[in-house]
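See below for the structure under consideration.
The values are calculated or read from the model by the stated rules, or taken from the named source; none is laboratory data. Just so it is clear, the model here is predicted, and its values are computed rather than measured. These accessible areas exclude ligands, DNA and RNA; they are computed on the full protein's heavy atoms, side chains included. Shrake-Rupley method; radii C 1.70, N 1.55, O 1.52, S 1.80 Å.
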Amino acid sequence: MQEPSDRALVLRVRRGEEQAFGELVRRYQSSVFNVCYRFMGERHAAEDMAQEAFLRAYQKLEHFDVSRPFGPWLRTLAANLCLNQHQRKRLTSVALDEEFDRPGGARAHGLEERQQQAERDAQVRAAILSLPPHYRAVIELRHFQELSYAEIGQALDLPMSDVKSHLFRARKLLAQRVGSDEPN
């Protein structure tokens, strides 16, 4: 039997079938947690923000446009919550665990290669976490959520020129921070 679509589940929740929202949570809990973890850098804070994101999604489900995909909407909502949290309270940089998946699914074969890749991944994650929250937001939405510039502008309430500028500056900072320890 084929699983119901996200759209069908949203419509069922709107009709009062709360267990349908449980299915949406099951489908998206990992990806929402990953978004929150990349922003927050700490497991407990990411869990709290993910829970808050699902609560807000449930509260706003009546206003969700069912003609659009649910997953990107939910992950953008989570990213915005995390960004707002950073604006309310400055977090210190923290060490990261290997708790979220590596983009692209690349696999290193030898022990030394895996160790080098893990070090590189940790360096990139630390560099992303060290970015100012508004730069981290555009990196998250563009490279992890794969939103277009227009969608990022809409999600963050920014003009297209600011989205492009923030992405340019964020990428430049990341290149400097990640590349600073690299041999030429």
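As a length-normalised measure over Cα pairs under 8 Å and 6 or more apart, the relative contact order of segment 1-65 settles at 25 percent. Rolling a 1.4 Å probe across all protein chains gives Ser31 an accessible area of roughly 30 Å².
Proximity of backbone amide H atoms, modeled 1.01 Å from N, is registered between Leu131 and no other residue at under 5 Å, excluding neighbours fewer than 5 places apart on the same chain.
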